[in-house]
Amino acid sequence: MSSVENDIKALERQRFDAQVSKDLGVLDKIFADDLVYTHSNGLEHNKAEYLQSIRDGSSEYLHVDIEALAVRPYNDGNTAVVNGTVLITLPAKPDGSTNSTHIKYAVVYINKPSHGWQLVLWHAQKQAF
């Protein structure tokens with residue numbers, strides 16, 4: 001496995017951990033200013049909008065379990081395309097029942113000289129259980 005693959009896999013774990021812990025400083029560093037995130041329901045956020053949704057609790061994650069993660073480096077190791085599946089545990093439904101979603105996702109990271117690896121594109125799609 002290449003160093004790019006190892007670096008991006010570690011960054012993805014760090015990103016999911018930061019989403020759960022609401023570590024906006026880590027997320028601000030990982031997300032590029034021109035991030036485009038298309039949620040599994042079709043809603044689209046830019047970086048500022050998504051960080052605000054974490055801040056105000058409208059995007060809340062209790063746990064993210066990475067089920068599969070594949071990294072493909074391109075552009076002399078300066079671009080990485082990631083495909084993965086995650087199981088996300090969300091706050092309980094109003095009736096108190098368990099609330100989780102199975103997501104297949106794709107992201108693109110760019111290695112920027114001034115910032116290092118940053119996520120520029122993120123697309124999620126709900127999967128059947």
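The values are calculated or read from the model by the stated rules, or taken from the named source; none is laboratory data. Keep in mind the model is a prediction, meaning the values are calculated, not measured. Backbone-built Cβ (ideal geometry, glycine too); neighbour counts: all protein chains shown.
Does ASP76 satisfy the condition of being loosely packed, with under 15 Cβ neighbours inside 10 Å, under 13 Å from the mean Cα position of the chain (by Cα) and over 20 Å from LYS126 (Cα atoms)? It is false that ASP76 is loosely packed, with under 15 Cβ neighbours inside 10 Å, under 13 Å from the mean Cα position of the chain (by Cα) and over 20 Å from LYS126 (Cα atoms).
For ASN78, the conditions (1) touching a Phe, Trp or Tyr at 6+ places or on another chain (Cβ under 6 Å); (2) closer than 19 Å to LYS9 by Cβ all hold with the exception of (1). For the stretch 13-35, the tally of residues that are under 12 Å from VAL120 (Cα atoms) and touching a residue at least 40 places away in the same chain (Cβ under 8 Å) stands at 6.
Residue-level analysis places ALA106 outside the set of residues that are of a type outside the set (Ser, Thr, Tyr), surrounded by 12 or more Cβ atoms within 10 Å (Cβ to Cβ), farther than 21 Å from GLN125 by Cβ and in contact with a strand residue (DSSP E or B) (Cβ under 6 Å, 6 or more places away or on another chain). Scanning the stretch 111-125 for residues that are more than 14 Å from the chain's Cα centre (by Cα), in a strand (DSSP E or B) and not polar (S, T, N, Q) turns up LYS112, GLY116.
Let's see how each residue does on (1) surrounded by 13 or more Cβ atoms within 10 Å (Cβ to Cβ); (2) basic (Lys, Arg); (3) touching a strand residue (DSSP E or B) at 6+ places or on another chain (Cβ under 8 Å); (4) modelled with pLDDT of 95 or more:
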site: ILE30; (1), (2), (3), (4): yes, no, yes, yes
site: ASP34; (1), (2), (3), (4): no, no, yes, yes
site: TYR37; (1), (2), (3), (4): yes, no, yes, yes
site: GLU49; (1), (2), (3), (4): yes, no, no, yes
site: SER53; (1), (2), (3), (4): yes, no, yes, yes
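Quick one: in the stretch 79-103, which of the residues that are without any contact (Cβ under 8 Å) to a residue 12 or more places away in the chain and of a type outside the set (A, V, I, L, M) is surrounded by the most Cβ atoms within 10 Å (Cβ to Cβ)? Among residues in the stretch 79-103 that are without any contact (Cβ under 8 Å) to a residue 12 or more places away in the chain and of a type outside the set (A, V, I, L, M), the one surrounded by the most Cβ atoms within 10 Å (Cβ to Cβ) is ASN99.
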